[in-house]
Amino acid sequence: MKSIGHEIETLVQKLTLEEKASLCSGLDEWSLKAIDRLDIPSLWMADGPHGLRKAPSSDVGGFGGTQHPSTCYPTASALAATWDCNLVHEVAKHIAIECQALDVDIILGPGVNIKRSPLGGRNFEYFTEDPILAGELATAYINGAQEQGIGTSLKHFACNTQETQRMMVSSEIDERTLREIYLPNFEIPVKKAQPWTVMAAYNPLNGVDCTANSYLLNDILVKEWGYQGIVVSDWASVYDRVEGIKAGMHIEMPGSAGINDETIVAAVKSGKLDEKQLDKLVKEILTIVFKAKSMKKEGVIFSAEKHHAYARKVAAESAVLLKNNNETLPILVGKYRKIALLGEFSITPRYQGNGSSEVKPTMLDTVKDEVQKLAGNEFEIEFAQGYQLNDDNNTSLIPEAVAIAKEADIAVIHVGLPSHYESEGYDRKHIDIPPAQVALIEEVAKVQKNIVVLLTNGSAISMQWLDQVPAVLETWLGGQAAGGAIADLLFGRVNPSGKLAETFPIKVEDTPAYLDFPGLNRKLNYSEGIFVGYRWYDKRKIETLFPFGHGLSYTRFEYSNLTVSKSQISSDESLTVSCTVKNIGIVSGKEIVQLYVCDKKSRLIRPIKELKGFSKVNLSAGEKTNVEFELTTRDFSYFDESFSDWVAESGQFEILVAASSEDIRLRSTIQLNSKQPLKIEFDERTSLREWIQYPETKAIIFPVVEEFFMKMPHEFEGELIDFKIKNDYFMDMPMIKYHYFSRGAIASEAIAAALEQSKVLVLTH
């Protein structure tokens, strides 16, 4: 029996040059070209990632009312707050079932770009500020969809962190920052889940368009990570189609009305493009096309009611209880009777973000309706609009709301970001909610002590009013069933279990990218380097409003019995970390256990700690369980540009088990003894300090400089390493300068000989 690969090889041989070129771009907005004479079918792509957005025909964008209804699940910022890979897997599975039912082959998600700044207009569509969390959640999403026969598109590759000038601004970023922060979120799902497609970003990276960036698409994605799928462009992001082919960018979307097909053909005929390169990409495209068609399921239907009910569960799991002083929540019989529900969001839900991910929901809950349903006859609900979503400064509705709140036992104030505050296509100017909403909170606080603030927003906000309210519940953009989920949470039918996947700063000026966002002159400098999110706040000792990983519960959890499998490990060994978590409250609840690693002393500057693992556990009252993590060499490593490699450095590492990035519960220290070989390149400008940090190179340079240092004047004496030297001036001097400084006592020939010896060394440290 002939293999699929052989059949595709035969097909490619039968294709004309023009047909090959045609397969490298879309037919229209959403579909790929078919070649009927060879029975090569078309594929249909559709936007996601939190629900299917399929247009009824291929030549329309499919926004709003022009698309087929489908279930709108919570957006990525909400899903990330669950820290639950199993749940994200199931969400993707549900979306994939709807794709099968509506004849869609590839869903355009998940979005994993790192949240460099809370001002990013599309932050609601991305998971988190941390690459490990983003990578693991994306892996779960991809596997959930592709196990159902629906391809995914991991996006946007890479460093697409803002909307301002997104088609032209170049992300200027050093190699270490790229490797440690902005690539692992792609690397993890590529290696673990092999998405059928990866979407190349609009922006250039260090001056080279991502859609024609051979370093990204060929060297890293394929050669280093072993990617086996195809690369598609973000819509209308291609500038040089021939260079894109050379770089490994398979499909341009949407179609260019044949313009770039002709460009490819002309390039082959002129010798500018090797037809073998084109053939390779066409084979890979056809592999995905036939894989998709082989996994197509006929007659799939889905229950809109069941999917809506699941969306309600997901929205409840996404919510984060940020504050709950005096156990203000939940609202229980006997504790409260009369409830004031305030805020237009409760009757006009904002449940998703603006832009290409907008879904036409199959149905839609409101908070007011769902709260009234659950309240029944046991609670009295009175509603006031409080503000107008289309008028940020209008305070005329506040007096009515205050009067209702004054007579109530508890006030639930529903506020957040209107749709025009955050959207694909533009970035936020600040992180505040509208002034009229702030005024509503502050005025109600003057007459009511029991206040719950419900937040509807896609990303972090400031809260200058926080000290005036005892309880805050973050509900994000929770999808079409968010109203019911919020009611479940308020009345204690569901115990909040979400935790922040992004830091909430006190003010925007505290944020890492504040001075370099959104860039100037088509350049965006990532001047904060690896210090993104909690890494920045830790290192700069900046107080946060709420830290990364923070989230409360209606119960409490106790951590104990931290165990590490070894007190010392070598760089080729793994480490098992375990601890016990117990629910010491009176109701069932879920806890997200976070594992961080701290390098006690490093040759290069490193974050105070970095997330390396997480686990969500569900415990009944009084129940306890063991949580286990596995750490590998990579978890202890940093990327060293001088070696162009990940380096696991010998030394002490602290293992931190935490309830948030600022709430460390358990600690243990281990010793790492590195056996990693390093090929180091020294030159005449390498300093003495760099020479003596490795035993092998220290042994080479010591004889060259020893006599000179031993004869130095007394005022420079002082024991340091093996030299009588006290001043850092000498330690950081390039070696070639010693020839001049010593007036020839240290011969340049001796330095040159030492450099020759160092070239053959492989070092360990």
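What is the distance in Å between the Cα centroid of the stretch 412-439 and that of the stretch 451-520?
Between the Cα centre of the stretch 412-439 and that of the stretch 451-520, the gap is 11 Å.
Please express the shape of the stretch 41-196 as an equivalent ellipsoid: the semi-axes are the square roots of 5 times the eigenvalues of the C-alpha gyration tensor, given largest first in whole angstrom.
25, 18, 14
Mind checking which of 473, 26, 210 is farthest towards the positive end of the chain's charge dipole, using Cβ charges of +1 (Lys, Arg) and -1 (Asp, Glu) about the Cα centre?
Looking along the dipole axis, the top candidate is 473.
Quote the charge dipole size of the chain about the Cα centre in Debye, to the nearest 20; the model charges only the Cβ of Lys and Arg (+1) and of Asp and Glu (-1).
For this selection, approximately 1000 debye.
Relative contact order of the chain, please, whole-number percent, based on alpha carbon pairs below 8 angstrom and at least 6 residues apart.
Here the relative contact order equals 13 percent.
Mean shadow of the stretch 21-60, computed from the convex hull of its alpha carbons, in nm²?
Orientation-averaged projected area of the Cα hull: 3.3 nm².
Between residue 393 and residue 642, what is 0.36 nm times their sequence separation minus the Cα-Cα distance? Round to one decimal in nm.
Additional length available on full extension: 84.2 nm.
With N set to the number of residues, divide the alpha-carbon radius of gyration of the stretch 580-678 by 2.2 N^0.38 Å and report two decimals.
1.30
Excluding residue 325 itself, what net charge comes from residues whose Cβ is under 14 Å from its Cβ, given Lys and Arg +1 and Asp and Glu -1?
0
Using 7 Å Cα-to-Cβ label points, what is the residue 568/residue 167 separation (nm, one decimal)?
Placing both labels 7 Å along Cα→Cβ, they lie 6.1 nm apart.
If only Cα atoms are counted, what is the Rg of the stretch 542-595, and what is its Dmax, in Å?
When restricted to Cα atoms, the stretch 542-595 yields Rg and Dmax of 15.5, 44 Å.
Based on the Cα coordinates of the stretch 233-300, what is the per residue volume of their convex hull in Å³?
Dividing the Cα hull volume of the stretch 233-300 by its residue count gives 106 Å³.
Please give the net charge around residue 85, taking every other residue with its beta carbon less than 13 angstrom from that of residue 85, where Lys and Arg add +1 and Asp and Glu add -1.
Neighbourhood net charge equals -1.
So which lysines pass the test for residue 406, namely a Cα distance under 25 Å, with those fewer than 8 places away in the same chain ruled out?
Reachable lysines: 323, 335, 338, 368, 373, 446, 449.
What are the extents of the Cα atoms of the chain along their three principal axes, listed from largest to smallest and rounded to whole Å?
On the principal axes, the chain reaches 95, 73, 50 Å in Cα extent.
What FRET efficiency comes out for the pair residue 192/residue 347, r = Cβ-Cβ distance, R0 = 56 Å, nearest 0.05?
Using R0 = 56 Å, I get an efficiency of 0.85.
Roughly how many Å is it from the Cα centre of the stretch 82-113 to that of the stretch 295-347, as a whole number?
One Cα centre to the other: 20 Å.
Which of 585, 627, 652 sits farthest toward the positive end of the charge dipole of the stretch 569-660, with +1 on the Cβ of Lys and Arg and -1 on the Cβ of Asp and Glu?
Farthest along the dipole direction, towards plus: 585.
State to the nearest 20 debye the size of the charge dipole of the stretch 249-390 about its Cα centre, where the only charges are +1 on K and R beta carbons and -1 on D and E beta carbons.
Dipole about the Cα centre, nearest 20: 360 debye.
Under 19 Å from a point placed 7 Å out from the Cα of residue 543 along the Cα-to-Cβ direction: which residues of the stretch 444-460 have their backbone N that close?
Hits in the stretch 444-460 for residue 543 at 19 Å: none.
Counting only heavy atoms of the protein chains, get the accessible area per residue of the chain (1.4 Å probe) and round it to a whole Å² value.
38 Å²
Take the alpha carbon gyration tensor of the stretch 333-425, find the square roots of its eigenvalues, order them as a ≥ b ≥ c, and report rounded if a/c is under 1.5; if not, report prolate when a/b exceeds b/c, else oblate.
oblate
Hey, got a sec? Which trypsin sites (Lys or Arg not before Pro) in the stretch 332-388 land in a DSSP loop and have at most 14 other Cβ atoms within 10 Å?
335, 337
Using 1/(1 + (r/R0)^6) with R0 = 35 angstrom and r between the beta carbons of residue 303 and residue 493, what's the FRET efficiency to the nearest 0.05?
0.95
Of 181, 158, 132, whose Cα points farthest to the positive end of the dipole of the stretch 132-187 (charges on the beta-carbon: +1 Lys, Arg; -1 Asp, Glu; origin at the Cα centre)?
158
Taking the simple approach of a point 7 Å from Cα along Cα-to-Cβ for both residue 290 and residue 36, what is their distance in nm?
2.2 nm
Would you mind counting up the charge near residue 224? Only other residues with Cβ under 14 Å from its Cβ, with Lys and Arg at +1 and Asp and Glu at -1.
Residues close to residue 224 contribute a combined charge of 0.
Does the stretch 105-230 classify as rounded, prolate or oblate by the C-alpha gyration tensor (a ≥ b ≥ c root eigenvalues; a/c under 1.5 gives rounded; else a/b over b/c gives prolate, otherwise oblate)?
Note, shape of the stretch 105-230 comes out prolate.
For the chain, which whole-number percentage of the solvent-accessible area (1.4 Å probe, protein heavy atoms only) is attributable to carbon and sulfur atoms?
With neighbouring chains kept in place, the figure for the chain is 49 percent.
Dipole of the stretch 326-460, Cα-centred, from +1 at each Lys and Arg C-beta and -1 at each Asp and Glu C-beta, to the nearest 20 debye?
240 debye
Just how many % of Cα pairs in the stretch 157-248 lie over 15 Å apart, if you round to the nearest whole percent?
I get 56 percent for the Cα pairs in the stretch 157-248 exceeding 15 Å.
Please report the antiparallel percentage of the DSSP beta bridges confined to the chain, to the nearest 5.
The antiparallel fraction comes to roughly 60 percent.
When only DSSP loop residues count, what GluC sites (Glu not before Pro) in the stretch 483-562 have their Cβ near at most 15 other Cβ atoms within 10 Å?
543
Could you list log10 I(q)/I(0) for the stretch 283-368 at q = 0.11, 0.20, 0.26 Å⁻¹, which the Debye formula gives when each Cα is one point scatterer?
Debye output, listed in q order: -0.60, -1.24, -1.32.
Is the stretch 203-334 best put as rounded, prolate or oblate by its Cα gyration tensor, with a ≥ b ≥ c the root eigenvalues, rounded for a/c under 1.5, and otherwise prolate when a/b is larger than b/c, oblate when not?
prolate
Relative to 2.2 N^0.38 Å, what does the C-alpha radius of gyration of the stretch 364-522 come to as a ratio? Two decimals please.
Normalised by 2.2 N^0.38 Å, the Cα Rg of the stretch 364-522 equals 1.11.
Label-point separation (nm) for residue 378 and residue 86, each offset 7 Å from Cα along Cα-to-Cβ?
2.8 nm
The values are calculated or read from the model by the stated rules, or taken from the named source; none is laboratory data. This is a predicted model, so every value here is computed, not measured. Heads up, the Cβs are rebuilt from the backbone with ideal geometry, glycines too, and the neighbour counts pull from every protein chain shown. Note: accessible area is taken over every heavy atom of the protein model, side chains too, but ligands, DNA and RNA are not part of it. Shrake-Rupley method; radii C 1.70, N 1.55, O 1.52, S 1.80 Å.
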